[in-house]
Amino acid sequence: MLFRDVSGYYDRLESVSSRLTMIDLLSEMLSKASKDEIRALVYFTQGILAPSFEGVETGMAEKMAITSIAMATGFEQKEVESSFRKTGDMGKAAEELAAKTRLRRIGTTKPSVERVFQTMHKIAKTSGQGSKEVKLKLLAGLLAEATPVEARYVVRFALGKLRLGIGDATILEALAKSGTGSREAKTQLEHAYNLCSDLGKVAETLYSEGMRGIESFEAEPFSPIRPALAERANTFEEIMKRMNGRCYAESKYDGLRMQIHLDRKAGRVEIFSRNLERLTEMFPDVARAALDETTAHSAVFEGEAISYDDSSGEFHSFQETIQRKRKHGIEEAAEQFPMHVFTFDLMYLNGKSYIGMEYTGRRAALESMLKEGNIIRLTDRIEARSSPELERYFNTAVGSGLEGIIAKEPGSKYVAGARKFSWIKMKRSYKAELSDTVDLVIIGYYLGRGQRAEFGFGGLLTAVYNKERDAFESITRIGTGFTEEQMVFFRKDLGRSRSRNKPPRVESVLVPDFWVEPLHVIEVRADEITRSPMHTCGKSDYKDQEEQGYALRFPRIVGKGYRDKGPEDATTTHEIVEMFKLQRKKKIDDG
Ligand code: ATP
């Protein structure tokens, strides 16, 4: 498939706002790919070279792109810079200058998707002395053969800013249509995706083995599984009712979620975060313990890692635990902040997937796989048959400094990548405020006025994720409660991904001073969820100025920086609507 055709589709996709039209166009494009091309095409459309847990990046910065564009078009670097300044989009600068190129086009071949993708891989792999020049030449080589529109996407991709505004949910739906003729298959494709977190692999399986391959898709070591998530409830009675009168209640530890993959024969261990980022090098002690303190030949299991004070034996706070997430001084940190990993689930053991097995069976296998050890432990739990029993256990957990409990349904499977009532959390904070903190995606920021002018930062515009519409819907503007340090941080960090234009997939009535690519997630506490026409969260028609959406009252940021979550793992519109109902019920219950 020619990259020329693909970039033609990308160009059309950029101007489409209806999601259905977008799915149709995308599926038309995907249906043109062969089974050998589909993997690369899907990754390219996601704007990545490989699934994000592999961490493969081109390593190209804006300055390098400027040089490459100059080399390929014969313009001066200064001219490239000035074209870039006009739009703030290096892709557009490449397009503009490629259209007026001062050099004679070289080569008569039209690059295929495969070739563009392989060249990007080469750029990524080139490292060490002299690598910069090689990278520049590789990119310039591609640009010299590209049409102006192709140049736009080649440059954007190289910089990791494809900006098509297409989320994974939309790609899955388009794949279902292109691979089976109907969007219905999306559910099964999504299930396969949740098991491996690799959209390219799912697409390749679909194109080479059809739906049979998708239906027999299994989790396996070293492909991270999208984590199961917990629902919320207001009362212990409600939990018990949802669990049909019997459940297991586990202590909820407030640390770092870890998914540990191991293969003893290969001597290989990988640790993934909640956001499926590789953490292995940062936790060599945990990686060693995964082999030393278990009997598994191969396994995928999960736990919450929390650091403790060696002399008093007490747990450290979450803030101290995350000190371990660092790139330097790793062994020293391991000594200063030793860890326990409280394991709570097992998804794979000795060649067999455990995802479809009941909780009780998974837990029994997890228990028998662990040796007596210091680092890897089991979460504390009880079996509960009544709500007073649950409440007593909750009080003990909170009394000993833990965050709360998670109730688990004995007969439930491991629900990868979804928030379901087979796990229900109850946290100590639920007693006082709105039933939970929420995780919001930053979509814009305001410049400071008055006293804050010196920081160039006056607050954030934030959104929730609407899974059905694959869109980020605004929910609140956070204007107060920032420390000076936070203001400096946000100004600097968001300044890098700001734009004057609203990013695709963002839906908002309010217009901030600068839009920001929806990438970063923060934790926010609020007093209440209210109805308001000013926010698009929960609106059926984004353009309707009268329709009531959902908003947050008195929002303030919790924690210092970003959460370890991708934008699509933020709180969803559906959760907000459910929390709004819980809040109304709580108000009635409390009189
Ligand atoms: P939260 O802010 O409550 O941690 P979250 O969105 O990160 O929310 P949830 O699925 O809502 O995640 O809550 C479950 C989280 O609690 C898990 O991600 C995990 O990190 C942590 N956790 C701590 N103890 C347990 C346990 N015993 N079983 C399952 N998860 C646990």
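The values are calculated or read from the model by the stated rules, or taken from the named source; none is laboratory data. Quick caveat: nothing in here was measured; it's all calculated off a predicted structure. FYI the Cβ positions are ideal-geometry reconstructions off the backbone, even for glycines, and counts take in every protein chain you see.
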Given the condition outside any loop (DSSP other than H, G, I, E, B), at pLDDT 90 or above and assigned by TED's automatic domain parsing to the domain that holds Gly373, answer yes or no: does some residue in the stretch 310-329 qualify?
no
With the condition kept exactly as written, say whether any residue in the stretch 301-309 is in the same structural domain as Ser422 (by TED's automatic domain parsing), without any contact (Cβ under 8 Å) to a residue 12 or more places away in the chain and not basic (Lys, Arg).
yes
Residue list for the stretch 398-446, filter: modelled with pLDDT of 90 or more and away from the ligand (no atom under 13 Å from the Cβ):
Pro410, Gly411, Lys413, Val441, Ile442, Ile443, Gly444, Tyr445, Tyr446
Output the residues belonging to the stretch 250-271 that are surrounded by 22 or more Cβ atoms within 10 Å (Cβ to Cβ), away from the ligand (no atom under 12 Å from the Cβ) and either among the small types (Gly, Ala, Ser) or within 21 Å of Pro338 (Cβ to Cβ) (or both).
Ile260, Leu262, Val269, Ile271
Candidates Ile166, Ile171, filtered to the one that is assigned to a loop (DSSP other than H, G, I, E, B) and under 24 Å from Lys32 (Cβ atoms):
Ile166
Of all the residues that make up the stretch 398-416, how many are in contact with a helix residue (DSSP H, G or I) (Cβ under 8 Å, 6 or more places away or on another chain), in a loop (DSSP other than H, G, I, E, B) and surrounded by 18 or more Cβ atoms within 10 Å (Cβ to Cβ)?
5
For the stretch 15-40, how many residues are within 21 Å of Ala471 (Cβ to Cβ), of a type in the set (Gly, Ala, Ser) and in a loop (DSSP other than H, G, I, E, B)?
3
Checking Met243 against (1) more than 28 Å from Asn350 (Cα to Cα); (2) within 16 Å of the ligand (Cβ to nearest atom); (3) surrounded by fewer than 22 Cβ atoms within 10 Å (Cβ to Cβ), which test does it fail?
(3)
Residue by residue through the stretch 341-386, note down the ones that are polar (S, T, N, Q), at pLDDT 95 or above and away from the ligand (no atom under 16 Å from the Cβ).
Asn350, Ser353, Ser368, Ser386
Total residues in the stretch 41-72, condition part of a loop (DSSP other than H, G, I, E, B) and among the aliphatic types (A, V, I, L, M):
6
Residues (away from the ligand (no atom under 16 Å from the Cβ), modelled with pLDDT of 95 or more and over 17 Å from Ser412 (Cα atoms)) located in the stretch 221-240
Pro221, Phe222, Ser223
Checklist (1) in contact (Cβ under 8 Å) with a residue 40 or more places away in the chain; (2) exposed (fewer than 15 other Cβ atoms within 10 Å of the Cβ); (3) among the hydroxyl-bearing types (Ser, Thr, Tyr) applied to Ser540, failing item:
(1)
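Condition check ((1) surrounded by 22 or more Cβ atoms within 10 Å (Cβ to Cβ); (2) modelled with pLDDT of 95 or more; (3) touching a Lys or Arg at 6+ places or on another chain (Cβ under 6 Å)) across all residues:
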residue	(1), (2), (3)
Lys467	no, no, no
Phe472	yes, yes, yes
Gly481	no, no, yes
Pro504	no, no, no
Flagged in the stretch 95-153 as among the hydroxyl-bearing types (Ser, Thr, Tyr) and more than 18 Å from Thr73 (Cα to Cα), in numbering order, are Ser112, Thr119, Thr126, Ser127, Ser131
